[in-house]
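The values are calculated or read from the model by the stated rules, or taken from the named source; none is laboratory data. As the structure is a prediction and not an experimental result, all values here were calculated from the model. Neighbour counts run over all protein chains shown; Cβ positions are idealised from the backbone, glycine included.
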Amino acid sequence: MSEPTEIAGGESTVIESGSELAIPITVKVLGVGMLGGLLGMLTMIPVLVGIPAALGLFRPDPIAEFVPLTELLGIEPTLTLGLALFAAMGTVLLPMVFLVVGAYLPPEGPRYLRGVTFATIFWTGFVPAFMPEGSAVIAGTFLVVSLVAHWVYGAVLAGVLDRTVGIPQHEV
């Protein structure tokens, strides 16, 4: 049996017996998601860039290559433009996607680990796009470091949401 329940802002939702409170995706939730994405990016970068740089493996060229669509507009891909697009995706696009799919990802708990699952899925697209050329050691280091960096991003993104506004629960 379900019963309507009033929540902040006069919005109403339904609590199914034995299930979680439905959390709508509001402007506030979007803002917190973007903040979580920004904090996730800030914690991811030292792992993704710092470790390979310390090992002498990092090269920024793939980040500049991240913006091939700019060539359609007649803009030359640059490292700065690549970093801006990379940051925009991690701060705006990925948090929005997580807000929609996060409720359906495993595990049931702790809920911040849903962000790790989410980041692992996106890591599978990151790897072929940014895989460096070189030895097996370079490839292996890249795989491990980039996976850990994505896990850090996902855990921070979902953790910020879970501790503040909650990970939205909704029906599709």
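Starting from the range 26-38, take each residue that is closer than 16 Å to residue 87 by Cα and list its partners that are polar (S, T, N, Q) and surrounded by 19 or more Cβ atoms within 10 Å (Cβ to Cβ), counting only C-beta distances under 8 angstrom and pairs at least six apart or across chains.
Final answer for the pair search is 34/91; 37/91; 38/91.
Check the range 142-157 and report whether any residue there is of a type in the set (Val, Ile, Thr) and over 23 Å from residue 34 (Cα atoms). Let's see the steps before the verdict.
Filtering the range 142-157 down to residues of a type in the set (Val, Ile, Thr) leaves 144-145, 148, 152, 156.
Cutting the leftovers down to over 23 Å from residue 34 (Cα atoms) gives us 144-145.
Yes - at least one qualifying residue is present in the range 142-157.
Among the helices (runs of 4 or more DSSP H) contained in the range 69-135, which hold 2 or more residues that are of a type outside the set (D, E, K, R) and closer than 18 Å to residue 147 by Cβ?
Values: elements: 69-72, 79-88, 94-101, 113-130.
Per the criteria, 94-101, 113-130.
Can you spot a residue in the range 75-82 that is more than 27 Å from residue 137 (Cβ to Cβ), small (Gly, Ala, Ser) and either at pLDDT 80 or above or surrounded by 13 or more Cβ atoms within 10 Å (Cβ to Cβ) (or both)?
First pass over the range 75-82, keeping only residues more than 27 Å from residue 137 (Cβ to Cβ): 75-78, 80-81.
Applying the additional criterion that residues be small (Gly, Ala, Ser) yields none.
The answer is no; no qualifying residue exists.
Step by step: first the residues of the range 83-121, then only those that are closer than 13 Å to residue 155 by Cα and charged (D, E, K, R), then the one that is surrounded by the fewest Cβ atoms within 10 Å (Cβ to Cβ). Which residue is that?
111
Give the range 147-167 a look and list any residue that's touching a Leu at 6+ places or on another chain (Cβ under 6 Å) and either surrounded by fewer than 21 Cβ atoms within 10 Å (Cβ to Cβ) or modelled with pLDDT under 95 (or both), or say none.
Across the range 147-167, the qualifying residue is only 167.
Failed condition for residue 46, given (1) at pLDDT 80 or above; (2) part of a loop (DSSP other than H, G, I, E, B); (3) under 22 Å from residue 146 (Cα atoms), with all others met?
Evaluating residue 46 over (1) at pLDDT 80 or above; (2) part of a loop (DSSP other than H, G, I, E, B); (3) under 22 Å from residue 146 (Cα atoms) leaves (2) as the failure.
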